[in-house]
Amino acid sequence: MFRNPHSLFRALAIAEAISWTLLIAGLIIRATTGWALGVTIGGGIHGFIFLSYGATAILVALNNRWRVWPAVVALASAIVPYATIPVEIWLQRTGRLVGSWRLDATDDPRDRRWYDSLMRWFLRRPWVLGALIALAVVALFAVLLIIGPPGGRD
């Protein structure tokens, strides 16, 4: 399904934009009808996808050897509604999403960084990597739910 970094990044960029729609719809419903459950549902979905997009952006940035600036732009785009889609287009047009998963070491000295062998091990086992990322996102999501929504509780 996600045979290359671009397909995974694109799927999460689109999902993040859709989740913004759910959150905004929930906010409109709450403002017009007073039904707060819409924000709870839309906000929960958006929060989970937001964290998943962030994890994906970091993974793709490491795999594709982005410099700091594109990685920061990719991460920050999740904060602005619908910005992940134009950022995905920009990253694709500038060649930053081209290529496959780096499963094997090469002679490139950048393949000898401390995390590269660990990343290759996980990339060869996508179910383990997916489960680990999902577990981390769920744990972070749970902590954030315990802390409470931005702006505090009513």
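Please give me the summed charge of the neighbours of D104: other residues whose Cβ is under 10 Å from its Cβ, Lys and Arg +1, Asp and Glu -1. In short, +2.
Taking only the C-alpha atoms of the chain, Rg followed by Dmax gives 17.3, 61 Å.
Using r as the Cβ-Cβ distance of A131 and V80, and R0 as 30 Å, what FRET efficiency do you calculate, to the nearest 0.05?
0.50
Computed about the Cα centre, the dipole magnitude for the chain is approximately 280 debye when only Lys and Arg (+1) and Asp and Glu (-1) carry charge, each at its Cβ. With the charge dipole of the chain set up from +1 on Lys and Arg Cβ and -1 on Asp and Glu Cβ about the Cα centre, the Cα lying farthest toward the positive end among the listed residues G99, A36, L145 is that of G99.
Sorting the segments 109-117, 125-133, 24-32, 73-81 by their mean number of nearby beta carbons within 10 angstrom, highest to lowest, gives 73-81, 24-32, 125-133, 109-117.
In the context of the full set of protein chains, residues of the range 24-71 present 53 Å² of accessible surface per residue (probe radius 1.4 Å, heavy atoms only). Estimated from helices alone, the mean residue ellipticity of the chain at 222 nm is -23000 deg cm²/dmol (sum of -39500 (n - 2.57) over DSSP H runs with n ≥ 4, per residue). Rounded to the nearest whole Hz, the Karplus-based 3J(HN,Hα) values (6.51 cos²θ - 1.76 cosθ + 1.60, θ = phi - 60°) of the range 30-37 follow the sequence 5, 5, 8, 10, x, 7, 7, 4, with x at glycine and proline.
Across all directions, the shadow cast by the convex hull of the range 42-91 built on its C-alpha atoms averages 3.3 square nanometres.
The values are calculated or read from the model by the stated rules, or taken from the named source; none is laboratory data. Everything numeric here is computed off the predicted structure, so don't read it as measured data. Cβ coordinates were reconstructed from backbone atoms using ideal geometry, including for glycine residues, and neighbour counts include every protein chain displayed. What goes into the accessible areas is simple: the full protein's heavy atoms, side chains included, and nothing from ligands, DNA or RNA. Shrake-Rupley method; radii C 1.70, N 1.55, O 1.52, S 1.80 Å.
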